[in-house]
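Reviewing the structure listed below.
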Amino acid sequence: MDQLLDPAHHGIALVDPATEAPQHRPEPSRRGLLAAAGGALVLSAILPVRAARAEAQGPAEGAGALAPKPGTRVAAFLEIHPDGTIKLLSPFVEGGQGIATGLAQIVGEELDVPPSRFVVECAPPGPDYAVVNGIRMTGGSFSTRSSYDVMRRLGATARDLMIRAAASRLKVGDGELTTRDGIVLHAATNRSLAYGELAADALKLKPNEAVPLRDPKTFRYIRQPVPRIDVRDKATGRAVYAIDQKVDGMLYAAVQHAPRLGTEPETLKNEAEVKAMPGVHAVHRLPGAVAVTADSWWRARKAVEALQVGWSAAKPSGLDTVAADFSSAGMLGALKGSADPGHVAEEEGDVTGAFARAAKVVEAAYEAPYLAHAQLEPPSAIARFNGDGTLDVWLPNQMPEVFQAVSAKVAGLEPARVRIHSPMLGGFFGRHFTYDAGNPFPQAILLAKATGRPVKVLWSREEEFSRDALRPLSFSRFRAALDEAGQPTAIAVRTVGEGPIGRYFGMLMKTPVDPSAVEGIVEKPYAIPNRRMTFTKVAHPVNIAFWRSVGHSMNDAFYESFLDEVAQAGGQDPFALRMALLKGSARHRALLTAVAEMSGGWQRGPYRAEGGLRARGVAMASPFGSETATIAEVSVEGGEARVHNLWIAFDPGSIVNPAIVKAQVESAAALGLSSVLFEQIVYRDGVRQSQNYDTYPILRREHMPAVHVRIVESGAPMGGVGEPGLPGVPPAILNAIAALTGQRIRALPVANTKLGAV
Amino acid sequence: MVNLTINGRPHAVEAEPDTPLLFVLRDTLGMTGTKYGCGIAQCGACTVLLDGQATRSCQVPLESVGSQAVTTIEAIEQDPVGRKVVAAWISGQVPQCGYCQSGQVMAATALLKQTPRPSDSEIAEAMTNLCRCGTYNAIAAAVRQAAA
């Protein structure tokens, strides 16, 4: 998402429909009702829509005025209560990344209220919250960096309103007043007023356009390891997720999806028997699924699993649908076999000439599998139609306005009649975008409509594994030209496949190159003078997804592994080669130096350590506006890789909460490790072969290495935090395995290869 | 009607005898601190204590609970060991998304009730619940802190 949302980035532009309506609708959908709600609606929901602005007037703005710039209207963000607590309506949803605490720090710093007094909730849909370059989403590691300035200003604006309201009340000049921890003080007369007493008056004042911000030298909360505001609730079971919610009179629903995406229920053999099961309300047919509504979820699940469903036949073959013979191996073959030259994603210098003059050419092809998100909270949704013609939907989501638009379409209502409630997420990692049939909320809406009751749909873990949208299986072919000295003079990369930006936001792309398919391969910091990267689109028939660090999650593994192959072919140490290729970038050299120092000095190995031989691999990555340098230490036990240490030097430019940043980097590293060692969704005969965590192994405690994180604040523009810790980890591990065993793994995950004894 | 003792209080519930205790807790009794993650005893998000033993409640049919005392996350701070575990979880800032953490806290409490000073390998053996946010190192550190 990074590049999509950066308006300055070449090739991508956000289109304002008021001035430049896109000419091309998304291609006609083959994915049925829910997909039809996808593209155009996504577009209308995420772009700044002028017509909607008339509805956005707050009490502080006069009638007829244009809606304020996102992130500026205090009343849309802050409720200041008489007891001194503050409710912050957040543009972002909290799902473990710590954004609720981070925003409380940023706003609290300027408002002069301790973060611990904040209660943070994800705001309902509305134009005030479109603070990510004019749109609203929780993703792309965008939350803090996109909102830092605007949220500081919001806090300062609110504080200024408090001071002016107090000045009026106390009949003194603004300049005579100070604030402290949510109180306005008049030192001369020793009088004070709490924000809670002033809030009602303060919000009637016209906000000052230019309020001074606090001098960073005096920060008390920003840049401090402030404790997370939600930790006690999460340690005591009191945190409320979508799955925990209940509304009066609701029915529970469980579903059974078609084994193959795109097929439909045709016959229900034992419908009458199932209807007679305890607690069953009704049996329903849905697009691509059957459902049972009942008075408890367990009863609904037992009943729906007892249903004997005859499904329509899938197409026998082909890649335009999930055909009866569809397989991940076949899909990979299609990517490998494509003859389409594609489009240039990056070109510099004279690649053809460099290869013609090369002393040596290195070639390698890399592949990565489909991946599931496997977040611990299974998806659920509650839909309730109200007597006044409105609809409430409670659901996990990363983009409320888009879910509102799609919900409205499914319900046949105007979006303004749909309220979206966005509770805390039990992990997300990119899971909670709309993804056509990859989410239960359309089912909840259809079932609520059918039953006339509120309905909560919960997908069992098995149904989640059958319909989660997947990190796309991917393939890239690399070539490098080396000179006599073993230095790379040219690199050419051909990437074939499809990325989620192209799938879901393709109408926003100005070029045919999907940035989410090539990120991690283009725009590298290395001084290789001649470069040519291409992208060839081959669409997947399966639902594809954003997955923590998106294209970087596999592409950095490919590129940085290949760079080690180049080093080897040129007879160079991989660390030294990187250092040499980074000669033009002090920032990257500093980071590489830092990670070497953290690990006790670069040594590739193999070397003897407790329990046997170990070796190390190094990798760099530049994801989401941040920079990382990673070193992994690996041994082999029983043919399997064991990672002992990960050292990560992380430069996000500047930070808000060092403890949260370190926790996020460690978390991302764990996911990178999990993916590279273990994870894959395999299709055979059109059906996924994983149903639960027993058939989709994820990182367990016994495989968790020590993770050492150092934050390097270079002062560069603030980068992302949630995702960037991941992409350096898979290649550092792959490079360490190669150093230890001589085996260069080019097909992920590592678990598919039996590692040699060392 | 089945009689249960949960967090020291009697409850009479009506559900099929094969209903997993997990869903009795969550849906029948509204005690949603115990989480559904996988339903096949892989992830441990549903961990409760049965007579003090960490148990994955998705695999406990209602009919098998009998007179065993059920302790859930909702009452964990009423237990002195549980209170120490929660305090260690907070001071160590363990949770990220938090979804698995009820089960982790229950597993840690059961471990420390039986083994007040666990070794690292005993921690590794007892703390097998999955965490997709990868908080494993923070969990182990918090267990050691609660044991100290």
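The values are calculated or read from the model by the stated rules, or taken from the named source; none is laboratory data. Note that the structure is predicted; figures quoted are calculated from it, not measured. All Cβ positions, even for glycine, are placed from backbone atoms using ideal geometry, and neighbour counts span all protein chains on display.
For every residue, the table says whether it meets (1) of a type in the set (Gly, Ala, Ser); (2) more than 27 Å from A:GLN572 (Cα to Cα); (3) modelled with pLDDT of 95 or more.
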| position | (1), (2), (3) |
| --- | --- |
| A:LYS662 | no, yes, yes |
| A:VAL676 | no, no, yes |
| A:ASP685 | no, yes, yes |
| A:ILE698 | no, yes, yes |
| A:VAL707 | no, yes, yes |
| A:ALA716 | yes, yes, yes |
| A:LEU734 | no, no, yes |
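Filter the stretch A:89-99 down to residues that are crowded, with 24+ Cβ neighbours inside 10 Å and more than 13 Å from A:TYR148 (Cα to Cα), then give me how many there are.
Step one: list which residues in the stretch A:89-99 are crowded, with 24+ Cβ neighbours inside 10 Å, which gives A:90-99.
Now narrow it down to the ones that are more than 13 Å from A:TYR148 (Cα to Cα): A:93-98.
Residues meeting the conditions: 6.
Which one is surrounded by the most Cβ atoms within 10 Å (Cβ to Cβ), of the residues in the stretch B:35-45 that are within 21 Å of A:LYS302 (Cβ to Cβ) and more than 7 Å from every other protein chain (Cβ to nearest Cβ)?
Applying the filter and picking the extreme gives B:LYS35.
Yes or no, residue by residue, for (1) in a strand (DSSP E or B); (2) surrounded by fewer than 24 Cβ atoms within 10 Å (Cβ to Cβ):
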residue	(1), (2)
A:PHE624	no, no
A:GLN664	no, no
A:ALA668	no, no
A:TYR696	no, yes
A:VAL709	yes, yes
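Go through (1) within 41 Å of the chain's Cα centre (by Cα); (2) in a loop (DSSP other than H, G, I, E, B) for A:ALA199 and report which single condition fails.
Going through (1) within 41 Å of the chain's Cα centre (by Cα); (2) in a loop (DSSP other than H, G, I, E, B) one by one, A:ALA199 breaks only (2).
Looking at A:PRO454, A:PRO472, which one is under 21 Å from A:PHE562 (Cβ atoms) and either among the hydrophobic types (A, V, I, L, M, F, W, C) or in contact with a strand residue (DSSP E or B) (Cβ under 7 Å, 6 or more places away or on another chain) (or both)?
A:PRO472
Name the single residue that is nearest to the chain's Cα centre (by Cα) among those in the stretch A:626-646 being loosely packed, with under 15 Cβ neighbours inside 10 Å and in a loop (DSSP other than H, G, I, E, B).
Result: A:GLY639.
Okay, residues lined up against (1) surrounded by fewer than 19 Cβ atoms within 10 Å (Cβ to Cβ); (2) farther than 27 Å from A:ARG301 by Cβ; (3) more than 11 Å from chain A (Cβ to nearest Cβ):
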residue: B:THR55; (1), (2), (3): no, no, yes
residue: B:SER64; (1), (2), (3): yes, no, yes
residue: B:SER91; (1), (2), (3): yes, yes, no
residue: B:CYS131; (1), (2), (3): no, no, no
residue: B:GLY134; (1), (2), (3): no, yes, no
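So A:ALA437 clears everything in (1) part of a helix (DSSP H, G or I); (2) at pLDDT 95 or above except one condition, right? Which one?
Every condition holds for A:ALA437 apart from (2).
Checking the conditions here, which among B:VAL48, B:VAL70, B:VAL24 is at pLDDT 95 or above, under 27 Å from A:GLU462 (Cβ atoms), assigned to a strand (DSSP E or B) and within 12 Å of chain A (Cβ to nearest Cβ)?
Working: B:VAL70 fails: within 12 Å of chain A (Cβ to nearest Cβ); B:VAL24 fails: assigned to a strand (DSSP E or B).
Only one candidate passes the filter, namely B:VAL48.
Only residues in the stretch B:67-80 that are over 9 Å from B:ASN7 (Cβ atoms) count as the first member; pair them with residues that are exposed (fewer than 14 other Cβ atoms within 10 Å of the Cβ) and of a type in the set (Asp, Glu), Cβ under 8 angstrom, at least 6 apart or cross-chain, and list the lot.
If the second residue must be exposed (fewer than 14 other Cβ atoms within 10 Å of the Cβ) and of a type in the set (Asp, Glu), the pairs left are B:GLN68/B:ASP51.
Just checking, how many residues over the stretch A:227-251 are surrounded by 22 or more Cβ atoms within 10 Å (Cβ to Cβ), more than 7 Å from chain B (Cβ to nearest Cβ) and more than 24 Å from the chain's Cα centre (by Cα)?
Of the residues in the stretch A:227-251, 1 are surrounded by 22 or more Cβ atoms within 10 Å (Cβ to Cβ), more than 7 Å from chain B (Cβ to nearest Cβ) and more than 24 Å from the chain's Cα centre (by Cα).
I need the full set of residues from the stretch B:110-129 which are crowded, with 17+ Cβ neighbours inside 10 Å and more than 11 Å from chain A (Cβ to nearest Cβ), in order please.
B:ALA110, B:LEU111, B:LEU112, B:LYS113, B:PRO118
What's the total number of residues in the stretch A:409-428 that are within 16 Å of A:LYS449 (Cβ to Cβ), aliphatic (A, V, I, L, M) and assigned to a loop (DSSP other than H, G, I, E, B)?
Qualifying residue count, the stretch A:409-428: 1.
Need the failing condition index for A:HIS421 against (1) surrounded by 24 or more Cβ atoms within 10 Å (Cβ to Cβ); (2) touching a residue at least 40 places away in the same chain (Cβ under 8 Å), just the number.
Of the numbered conditions (1) surrounded by 24 or more Cβ atoms within 10 Å (Cβ to Cβ); (2) touching a residue at least 40 places away in the same chain (Cβ under 8 Å), the odd one out for A:HIS421 is (1).
The rows are residues; the columns are (1) of a type in the set (A, V, I, L, M, F, W, C); (2) closer than 26 Å to A:ASN386 by Cα; (3) in contact with a Leu (Cβ under 6 Å, 6 or more places away or on another chain); (4) touching a residue at least 12 places away in the same chain (Cβ under 8 Å).
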site	(1), (2), (3), (4)
A:MET250	yes, yes, no, yes
A:THR267	no, no, no, yes
A:ALA300	yes, yes, no, yes
A:GLN308	no, no, no, yes
A:ALA323	yes, no, no, yes
A:PHE326	yes, no, no, yes
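Can you say whether A:THR628 is touching a Phe, Trp or Tyr at 6+ places or on another chain (Cβ under 9 Å), more than 14 Å from every other protein chain (Cβ to nearest Cβ) and either among the polar types (S, T, N, Q) or more than 18 Å from A:ALA757 (Cα to Cα) (or both), as far as the supplied structure shows?
For A:THR628, the condition - touching a Phe, Trp or Tyr at 6+ places or on another chain (Cβ under 9 Å), more than 14 Å from every other protein chain (Cβ to nearest Cβ) and either among the polar types (S, T, N, Q) or more than 18 Å from A:ALA757 (Cα to Cα) (or both) - is met.
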